[in-house]
1. Work out how much length residue 115 to residue 76 would gain on full extension: take 0.36 nm times their residue separation and subtract the Cα-Cα distance, in nm to one decimal.
2. Along the Cα→Cβ direction, 7 angstrom out, place labels at residue 315 and residue 43. What is the inter-label distance in nm?
3. Determine, at each q value in 0.11, 0.15, 0.16 (inverse angstroms), the log₁₀ of I(q)/I(0) that the Debye formula gives when each Cα of the chain is one equal point scatterer.
4. Determine, for each peptide in 254-262, 51-59, 318-326, the mean count of other beta carbons within 10 angstrom over its residues, then list the peptides with the highest first.
5. Top to bottom by accessible area (1.4 Å), largest first, where do 133, 233 land?
6. If I compute solvent accessible area with a 1.4 Å probe over the protein chains, what percent of it on the range 107-193 is carbon and sulfur?
7. Please report the net charge: other residues with Cβ closer than 14 Å to the Cβ of residue 69, K and R +1, D and E -1.
8. Carbon and sulfur: what percent of the range 1-73's accessible surface (1.4 Å probe)?
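The values are calculated or read from the model by the stated rules, or taken from the named source; none is laboratory data. Note that the structure is a prediction, hence the values are computed from the model and not measured. Every residue, glycine among them, receives a Cβ derived from its backbone with ideal geometry; neighbour counts consider all protein chains shown. Each accessible area value is taken on the protein alone, full model and side chains, heavy atoms only, with ligands, DNA and RNA left out. Shrake-Rupley method; radii C 1.70, N 1.55, O 1.52, S 1.80 Å.
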Amino acid sequence: MASDFKSIPVIDISGLLVKCNDPNMAKDEGVCHVVKQLDKACKEAGFFYVKGHGIPDSLVKEVRYVTHKFFQFPYEEKVKIKMTAKTGFRGYQRVGENVTKGKPDMHEAIDCYREVKPGMYGTLGESLEGSNRWPENPSNFNSVMEEYISLVTDLSRNIMKGIALALGGAPDEFGGERAGDPFWVMRLIGYPGVSDCSSLEMPENDIGCGAHTDYGLLTLVNQDDEISALQVRNCSGEWIWAVPIPGTFVCNIGDMLKIWSNGLYESTLHRVINNSPKYRVSVAFFYETNFDAIVKPLEFCKQKTGGIDKFDKAVYGEHLVSKVLTNFVT
């Protein structure tokens, strides 16, 4: 249900967060104001900025800073945490090793997932079993990321309460067997500036990350200030810049929410093109369903969309693993 949006809305979610543990939050005027904005943004763009999110700006910036520091190290240092199938697809990828729709992406990255212990999800989770491979340097990398992951997980859960209300459900609609024990994915991504790309031993390509939708429920993007690179496609095929706005996260909805909403909310195509001479860092946190959740249109969403299922059911873990295997190049 996306539209020909020309810009991405900014939503102050402080009114939602202050009441997110109140059993009567759905009746609160401040919450209702935020919910209406979330509903409009999810229907029209599938993307929105959030401000008033409560995560300290110092931590948000420190996450980007230590990521920059890591990517500045020589390849010999970075490859110490190289991603392989044996590491559960966790760790470092050099430029060109991530593939989107068959084409190498002009970025390097560290991929992280919620820990998956052996046998935790049976055969479904075997490919991703393992713990994250944090670098030894910078020395505070691990502690910074663990604190950040804890806070953005809680923030995402609370935003999803607002989205549940926006769809017409209860605040805890995405709890329990749906997303009460949420999986998460985080990608720390570095995009070389245009002045650096010519020196890389790579096929000529200006796409930092090819056009795609996200797999799960909700994505929070922490991007460098002053470098516009993220683009979102509207219904007319125009690419709209998601320009950096200090103090905000860029949020977008994923494929699983599209299915649960029966298409009321669309997971929107987006891509990254870094035309700046500066190196750009973006930290994308993906808040997901339970790993083994069976995702199919919610009944109350189905009643708003003709009474029939518009999408086949999906098992989130299967969907994720298939995407991981497709995007990985050895």
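1. Here the answer is 11.4 nm.
2. Once both label points are built, they end up 3.5 nm from each other.
3. Computed log10 I(q)/I(0) values: -0.68, -1.34, -1.53.
4. In descending order of packing, they fall as 254-262, 318-326, 51-59.
5. My answer, sorted largest first, is 233, 133.
6. Looking at the range 107-193 in its full context, I get 43 percent from C and S.
7. -2
8. Ligands and nucleic acids excluded, carbon and sulfur give 52 percent.
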